[in-house]
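Right, one structure below, let's go through it.
The values are calculated or read from the model by the stated rules, or taken from the named source; none is laboratory data. No experiment lies behind these values; they were computed from the predicted model shown. Cβ placement follows ideal geometry from the backbone for every residue including glycine, while neighbour counts extend to all protein chains displayed. We work out accessible area using only protein heavy atoms, side chains counted, and drop any ligands, DNA or RNA first. Shrake-Rupley method; radii C 1.70, N 1.55, O 1.52, S 1.80 Å.
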Amino acid sequence: MQPIVPASAAALASAPFSHRRRLPAACAVALLIMTGMPAMAQDAVPAQTQVQAPGVARDGFAQFTPGDDRQGTFKAVQGEVTVVRADVRSAAVVGNGFSSADRLVTGAKSATALTLQDGTMLSIGPDSTLDLEQFAYDPTTQTGSMAVRLLRGSLRMITGLIAKLKPEEVTVKTPTAVIGVRGTDFIVEAKAP
């Protein structure tokens, strides 16, 4: 078995989004970890300078502190990725938190990946707008619920513990549909109205 080299990861990253649907989840996660960027990122966009966020270990894993209200953590940021919280716009930074009060907006040829508290992985493609409308998770009982709204663009979701234990508690909404999650790895695309 040949090892995956960064050159093949770059080739995959530059492939059109629709051609990656057949990629097994384990390979996509490995590529995400190996390349330090989401599998959907475009090769032509220079990577954002990795700024060390407060409360983040050098290995990139978030260090949750008591009172930290984050529901997810940015794991990769490529290009122009903006977090909008109460009409205040700020650049997304690897290691920073994301919560249900936030809107996530990616620019052209930009992408991001984040992990929620229950282990759900979200990869958001170029020209996308996403709201984490509702997220509740109790790590003690491993129960909760989640609602994600994709207003436009593309989203790949690899579900975590909430969907594994109670899939009816996870929904993805688009401008034209509400999707009940019954799988563990899927892609959603939404066109702007």
Of the residues that sit in segment 112-139 and are out of contact with any Ser or Thr (no Cβ under 7 Å at 6 or more places or on another chain) and of a type in the set (S, T, N, Q), which one is surrounded by the most Cβ atoms within 10 Å (Cβ to Cβ)? Ser123
Where in segment 107-193 are the strands (runs of 3 or more DSSP E), entirely inside, with at least 2 residues that are within 22 Å of Val93 (Cβ to Cβ)? 111-116, 121-124, 129-138, 143-158
Taking only pairs six or more apart or across chains, which ones have beta-carbon atoms under 6 Å, a first residue in segment 116-129 that is under 15 Å from Met146 (Cβ atoms) and in contact (Cβ under 8 Å) with a residue 12 or more places away in the chain, and a second residue that is assigned to a strand (DSSP E or B) and open to solvent by 10 Å² or more (accessible area, probe 1.4 Å)? Gln117/Tyr137; Asp118/Tyr137; Met121/Thr115; Met121/Ile158
Go through segment 98-111 and give me each residue that's out of contact with any Ser or Thr (no Cβ under 6 Å at 6 or more places or on another chain) and either of a type outside the set (A, V, I, L, M) or open to solvent by less than 60 Å² (accessible area, probe 1.4 Å) (or both). Phe98, Ser99, Ser100, Asp102, Arg103, Leu104, Gly107, Lys109, Ser110, Ala111
Search result, residues across segment 140-191 that are more than 17 Å from the chain's Cα centre (by Cα), open to solvent by 70 Å² or more (accessible area, probe 1.4 Å) and closer than 22 Å to Ala111 by Cα: Lys191
